[in-house]
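Novice: Once you've had a glance at the structure underneath, I'll fire off some questions.
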């Protein structure tokens, strides 16, 4: 038990280093890069594994809610994970960048969350396990007022309900 | 604090002072306001120190006069004549002024006041407004109130001067409810706050524990609608300012938001997300019965009634980008009215019915503007990194909105502007603030 924990901490550190040393081409790149680094000893059922290795976030173009090819890969991994961890439900949060009005962005966030939800359902995840919520522009992940941040804020985040944290 | 407000309602009585036999308002008593162009001249107003019976009344008299002047000059339509320029020293509230002395210093308006404390503890304030050029009194009023509510007397006097001199309704005895903001951009603490339109008498309506957005004032009652995340999904709450009772409007599986009262206060336009798609509905408050007004795969939201309740204006991206549409309040086929470069949202119908205020984004900026209800005569009143969410003052002549500055340390602030584009100014708030909503004139 103790050694597993140590390993997780070490794996986390490596991921952090990787994220720093390699500038991601898109916000999803960090999550996608780490996909191959899974080791047999890692507990794949944890929230940490889902967030860092599977990738909990997908990103959208301005004013759009369509699933990009890269987002599709992330969501396919999410669906695999959810299909393997049937005790865990998920709430998908849709977000928008700050370049829209408040109410429109709430509606846009809802549309993005639904886009993610319906893709996961198409991958075999039971609809009853998935809920959605929109935060519009209220909860940006990156605070700067430039496209580098806005592209990280136009996102759908799959939040797990009932998964062990680590 | 709410009790103060209740007391005000109960105690503040307004009556035309019959003994003054107010001169019938002449056609030329109301000055024309020039809407555009550089030829605008503020109305020059003179006010000698208010009279009093001394003691506490003297302080109140001075403070009330100051509130009146601050309101009038702050509107951008009035200019205060310095007391050092006065020729006549008015020595008695009940004596007519020497009009020639006020004509000589070009006073378009002259008002005087008198405050005394009544045996029952209330304050009695009398007020007279003269037009030196037509040589007569054009208004005479008296107000009784709890001395604690003296600011409202000042606002009511200012409204009376404004109305008589401009021919338009006043807006000073009103409040603004807004969202007080603190903390970093990624984790803002938002609280509902309410203040007088001049920034005084601030009080908080929610604790800050839950994300709250977009308060909206009832045009009829002391009630507001707002959005809270306190039960998970964003939901619409109805808050009664007098009883402090709150209730959630409806129970929907997904988000409900973008509420606005109908002009009679009996219905609420709102937006519902269903399967991630947002459409506009109307709820009858008494029965909670819902009726759907739009049905399309596009986003339809931010609906607002015309003051006669016959039409609604809303935003939709059914044509690709976010644009403004007008439709019968019963539903039907919407007409697009915004055709300029950029995206248009947050339409709000003026209480006068003649204009629609909006937020426009184009060229990397956000703008506040007004247009006729057919979309013509678009006029941009403010532009910045983010200017958003106009709300009308009760007289339909002034807008408030918020600006947010860019960057990780960006903060929102409240602003107001005349619909002519003049008198753009920042409003005083204790902290950062967004989502202002102007109340109707207080009763």
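Novice: Summarise the partner chain shielding of B:272-281 as one whole number: the mean count of Cβ atoms from other chains within 10 Å of each residue's Cβ.
Specialist: For peptide B:272-281, the averaged partner shielding equals 5.
Novice: Can you give me the Cα centroid spacing of region A:111-166 and region B:111-127 in angstrom?
Specialist: 61 Å
Novice: Going 7 Å from the Cα of residue B:85 toward and past its Cβ, which residues in region B:138-163 have a backbone nitrogen under 20 Å from where you end up?
Specialist: B:161-162
Novice: Does anyone have the angle between helix B:2-11 and the longest principal axis of chain B? Alpha-carbon axes, 0 to 90°, nearest 10?
Specialist: For helix B:2-11, the angle is close to 50 degrees.
Novice: Let me ask something additional. Pop a pseudo-label 7 angstrom from the Cα along the beta-carbon direction at both residue B:243 and residue B:189 and give the gap in nm to one decimal.
Specialist: Each label point is offset 7 Å from its Cα along the Cβ direction, giving 3.1 nm.
Novice: Counting pairs of alpha carbon atoms under 8 Å apart in space and at least six apart in sequence, what relative contact order in percent does chain B give? Before the final figure, lay out the partial values.
Specialist: Numbers: 1088 pairs, mean separation 48.3, N = 443.
Here the relative contact order equals 11 percent.
Novice: Let me ask something else. Would you mind checking the tilt of helix B:56-74 against the longest principal axis of the Cα atoms of chain B, expressed as 0 to 90 degrees and rounded to 10?
Specialist: Taking the Cα atoms of chain B, the angle to B:56-74 is about 60 degrees.
Novice: Where does chain B land at 222 nm, in deg cm²/dmol rounded to the nearest 500, when only DSSP H runs of n ≥ 4 count, each adding -39500 (n - 2.57), divided by all residues?
Specialist: On the way: 4 runs with 51 residues, N = 443.
After summing the helix terms and dividing by the residues of chain B, the value is -3500 deg cm²/dmol.
Novice: Whole Å is fine, so just give me how far the alpha carbon centre of region B:342-402 lies from that of region B:140-160.
Specialist: 32 Å
Novice: How far, in nm, would the chain grow between residue B:106 and residue B:308 when pulled straight, counting 0.36 nm per residue and subtracting the alpha carbon separation? Can you show the working numbers first?
Specialist: Working: separation 202, 0.36 × 202 = 72.72 nm, distance 4.08 nm.
Difference between extended and current length: 68.6 nm.
Novice: Continuing with the same structure: Can you give the mean number of other chain Cβ atoms that lie within 10 Å of the Cβ atoms in peptide A:151-159? If you can, show how the numbers build up before the last one.
Specialist: Details: counts 0, 0, 1, 0, 0, 0, 0, 0, 0.
Taking all residues of A:151-159 together, the mean is 0.
Novice: Per Stokes-Einstein, at 10 °C and 1.306 mPa s, what whole-number D in µm² s⁻¹ belongs to the protein assembly as shown, with the Kirkwood radius over Cα pairs as the hydrodynamic radius?
Specialist: 59 µm²/s
Novice: How big is chain B on each of its three principal axes, counting only the C-alpha atoms and giving the largest first in Å?
Specialist: 72, 47, 43
Novice: Along the Cα→Cβ direction, 7 angstrom out, place labels at residue B:66 and residue B:292. What is the inter-label distance in nm?
Specialist: Label at residue B:66, label at residue B:292, 5.8 nm between them.
Novice: Over the whole of A:138-146, what's the average partner chain Cβ count within 10 Å per residue? Rounded to a whole number, please.
Specialist: Numbers: counts 8, 5, 6, 1, 3, 8, 5, 9, 2.
For peptide A:138-146, the averaged partner shielding equals 5.
Novice: Further question on the same structure: At 37 °C and a viscosity of 0.692 mPa s, what translational diffusion coefficient does Stokes-Einstein give for region B:303-443, taking Rh as the Kirkwood radius over Cα pairs? Give it in µm²/s as a whole number. Can you show the working numbers first?
Specialist: On the way: Rh = 15.3 Å.
For the chosen part, D equals 214 µm²/s.
Novice: If you fit an axis through the alpha-carbon atoms of helix B:150-166 and take the longest principal axis of the Cα set of chain B, what angle between them do you get, 0 to 90°, nearest 10?
Specialist: Computed tilt is about 90 degrees.
Novice: Tell me the Rg and the Dmax, in Å, that the Cα atoms of region A:96-141 produce.
Specialist: So, for region A:96-141, Rg and Dmax equal 12.0, 35 Å respectively.
We did not get these values from a lab; they are worked out from the coordinates using the rules stated. Keep in mind the model is a prediction, meaning the values are calculated, not measured. As a convention, Cβ positions derive from the backbone with ideal geometry for all residues, glycine included, and neighbour counts pool all protein chains shown.
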